[in-house]
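The values are calculated or read from the model by the stated rules, or taken from the named source; none is laboratory data. Predicted, not measured: the structure shown is a model, and the values here were computed from it. Accessible surface is based on the protein model in full, side chains and every heavy atom, while ligands, DNA and RNA are left aside. Shrake-Rupley method; radii C 1.70, N 1.55, O 1.52, S 1.80 Å.
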Amino acid sequence: MISPFDCSQYFIWIGTPIIAVESGYVEAIGWNQYGGWRLGIRSFDGMRYYYYAHLRQNFPYNPELTQGSVVTAGDVIGYLGRTGYSARENTNNIDTPHLHFGIQIIFDESQKEGNGEIWIDCYQIIRFLYRNRSETVRNNETKEWYRIADMIDPAEEEYLRRSR
């Protein structure tokens, strides 16, 4: 991956909620020996892929998420951690808690994997998103975080209508 953004300058503790950047569907979820617990979310139009890695040990993401789940921009999708760099699942092998975040642009299917991948430098985008982040609140019983205000995304409604 080219130009991942290290959010450690913004988030300093394990368990900080990770917010979906754009509405879409979960394309990849689970353990990866390099990224640890990770999520990959594809935009509804299929032209952007968001990669979130090194999520929290034992409770990395919203338990309702599975491959194919629909998420809305601003949803709490996971929790910051330091997992990864291990063939053994659920292992903390990174010293500094952080989010490895990447954005891939896709103009045609050949760019999904291989030499034609286009990853963008997302530093300015992350700074903008940090300043305009979705406010969240913690449920003290479940210890999970949730967004305060719902958002209606017409692209999500269209995607769900087409997929039925």
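Summary table
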| item | result |
| --- | --- |
| Other-chain or far-sequence residues with amide H under 5 Å of G46's (modelled H) | none |
| Taking segment 16-101 and dividing mean pair separation by its residue count, relative contact order in percent (alpha carbons under 8 Å, at least six apart) | 36 |
| Interchain or long-range residues, amide H under 5 Å from G30's placed H | R38 |
| Computed accessible area, M151, all protein chains, 1.4 angstrom probe, square angstrom | 80 |
| Surface accessible to a 1.4 Å probe, R147 within the full protein complex, Å² | 40 |
| Orientation-averaged projected area, Cα convex hull of the chain (nm²) | 10.1 |
| Average accessible surface area per residue within the chain, 1.4 Å rolling probe, Å² | 56 |
| Residue of G35, G46, G15 that the Gaussian network model of the chain assigns the largest fluctuation, springs spanning Cα pairs under 10 Å | G46 |
